[in-house]
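The values are calculated or read from the model by the stated rules, or taken from the named source; none is laboratory data. Please read these numbers as outputs of a predicted model, since none were measured by experiment. Here the Cβ positions follow ideal geometry from the backbone for every residue, glycine too, while neighbour counts run over all protein chains shown.
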Amino acid sequence: MHEQHFQDMDRSPGSVGDVLRLIRVSDTTSRSSIARSTGLAPSTASARVDALTALGLVRESGAEGSRGGRRARRLELVADAGFVAAADLGAHHVRIVLTDLAGRIVADTDALEHGTATVPVAAGPRASVAALWDRFVELARDSGLDTARFRGAAISVPAPVSYPGGSIATPSFEPSWHGAVLPELFAEHTDAPVLVENDANLIALAERPGPDRTGTLVAVKLGTRIGSGVLLDGRLHRGVSGAAGEISHTPVDGEAAIGCTCGVPDCLESVASGGAIVARLRAAGRQVSGTSDVLALAAQGDAVVLDELRRAGEHIGRVLSGIVNFCNPSEVVLAGAMSASSVLVATIRGELYRSCLPMVADALDVRASASPRDAGIRGATVLAIDEVLAPARIDELARAAAERSA
Ligand SMILES: [Zn+2]
């Protein structure tokens, strides 16, 4: 197995990597609070902190707050100890963001003046990965980052990704990418981990709820197509092969307006996606070139378009209600271009509250993502940082450092 997700390995409580996790999730961590919350002896807790300091990942600063006598020094992640790259890959556009280890953006191709980065998607995955890697390096240099501090990356793709192998399955953005294993191609350029993940799964990660980010949530990407990701207790639910959450190929009681490679007749995507609405309006003689035209007409109050959006919302809500009843999330978050339609969002919400079990609906919040354009890239950043700072990976680094100094 090539791709090893360290973040999915069970962590050992109180290990060096686990102590780093505690420091990352709380901004009031000290040596004594680590001893208290892990149950480690104070001397052991201190040794863990020393190991992290030696790795350059943690520093002590300021004071935790007075507790009477001595003031405890506050521990914090050294955010600029490294950087990660995140890329959001589409058929026509790629967005690349570099962040420090705290997730603060250092470079963003969408914010550059001539920012639209391109990748030769049609030339195949190997050429595209080489172009992505060149762009990572170029952006890092332009931002004054030391490329030796590159720690890892995550790539968002609009297609199912097999797990744990990382191969892309039946991508609609470029069929020739079927079976491509991007992490292996990146290994020709770097030893650092590069993960690839489905875009809707990354939206789920970006939106993960709860102060300690361990909530349960369903994320739905409503674009030309429909995708969804499920987060259970803070972890992506990928299923045995990575296809979990592919709700869009559930058959619905409607008529397909576009073809779909899934082979399921009248699947949700072929009936109710943005692409299906565009196709249906065109067949009725309307001049619409894409989902942005649909949104513009809806904003003008076009009755036919609003009707289409309501019908699509009912189909989507009904399919989602089964998933929501099953996993009892605190939130359903809608992202993607079509989530800008308040009629679509309101219809999905109404359908969910109508169809779900009252006990499930009472605990449920249905909302559009606050930044639907950024959700995918934010999720890729979260995935990359969680991977490079995964407790199991940090434990490995600490072990190697201890062996070197022995
Ligand atoms: Zn389908």
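The single condition among (1) touching an Asp or Glu at 6+ places or on another chain (Cβ under 8 Å); (2) in a helix (DSSP H, G or I) that ASP110 does not satisfy is (1). State whether the residues of the range 232-245 include one that is within 16 Å of the ligand (Cβ to nearest atom) and in contact (Cβ under 8 Å) with a residue 40 or more places away in the chain. Scanning the range 232-245 turns up at least one residue that is within 16 Å of the ligand (Cβ to nearest atom) and in contact (Cβ under 8 Å) with a residue 40 or more places away in the chain. Of the residues making up the range 12-48, those that are surrounded by fewer than 17 Cβ atoms within 10 Å (Cβ to Cβ), touching a residue at least 40 places away in the same chain (Cβ under 8 Å) and out of contact with any strand residue (DSSP E or B) (no Cβ under 8 Å at 6 or more places or on another chain) are SER12, VAL25, SER32. Tell me, yes or no, whether the range 256-268 has at least one residue that is modelled with pLDDT of 95 or more and part of a helix (DSSP H, G or I). Taking every residue of the range 256-268 in turn, at least one turns out to be modelled with pLDDT of 95 or more and part of a helix (DSSP H, G or I). Just one of (1) within 14 Å of the ligand (Cβ to nearest atom); (2) touching a residue at least 12 places away in the same chain (Cβ under 8 Å); (3) out of contact with any strand residue (DSSP E or B) (no Cβ under 6 Å at 6 or more places or on another chain); (4) of a type outside the set (Val, Ile, Thr) fails for GLY263. It is (2).
Whether a residue is touching a helix residue (DSSP H, G or I) at 6+ places or on another chain (Cβ under 9 Å), without any contact (Cβ under 8 Å) to a residue 60 or more places away in the chain, assigned by TED's automatic domain parsing to the domain that holds LEU217 and within 16 Å of the ligand (Cβ to nearest atom) was assessed, and LEU295 does not pass this test. Can we say HIS249 is modelled with pLDDT under 95, away from the ligand (no atom under 13 Å from the Cβ), of a type outside the set (A, V, I, L, M, F, W, C) and not assigned by TED's automatic domain parsing to the domain that holds ILE155? No. Across the range 333-352, the number of residues qualifying as aliphatic (A, V, I, L, M) and closer than 19 Å to GLY90 by Cβ comes to 5.
Every residue, every condition in (1) under 26 Å from the mean Cα position of the chain (by Cα); (2) not aliphatic (A, V, I, L, M), yes or no:
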{"position": "ARG286", "(1), (2)": "no, yes"}
{"position": "VAL294", "(1), (2)": "no, no"}
{"position": "GLY313", "(1), (2)": "yes, yes"}
{"position": "SER321", "(1), (2)": "yes, yes"}
{"position": "VAL333", "(1), (2)": "yes, no"}
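Looking at this structure, is LEU281 more than 15 Å from the ligand (Cβ to nearest atom), of a type in the set (A, V, I, L, M) and either within 23 Å of VAL84 (Cβ to Cβ) or touching a Gly at 6+ places or on another chain (Cβ under 9 Å) (or both)? Considered against the rule, which asks whether it is more than 15 Å from the ligand (Cβ to nearest atom), of a type in the set (A, V, I, L, M) and either within 23 Å of VAL84 (Cβ to Cβ) or touching a Gly at 6+ places or on another chain (Cβ under 9 Å) (or both), LEU281 comes out as no. For VAL288, the conditions (1) surrounded by 14 or more Cβ atoms within 10 Å (Cβ to Cβ); (2) without any contact (Cβ under 8 Å) to a residue 24 or more places away in the chain; (3) at negative phi; (4) within 16 Å of the ligand (Cβ to nearest atom) all hold with the exception of (4). Restricted to the range 165-255, the set of strands (runs of 3 or more DSSP E) holding at least 1 residues that are under 16 Å from the mean Cα position of the chain (by Cα) and of a type in the set (Asp, Glu) comprises 194-198.
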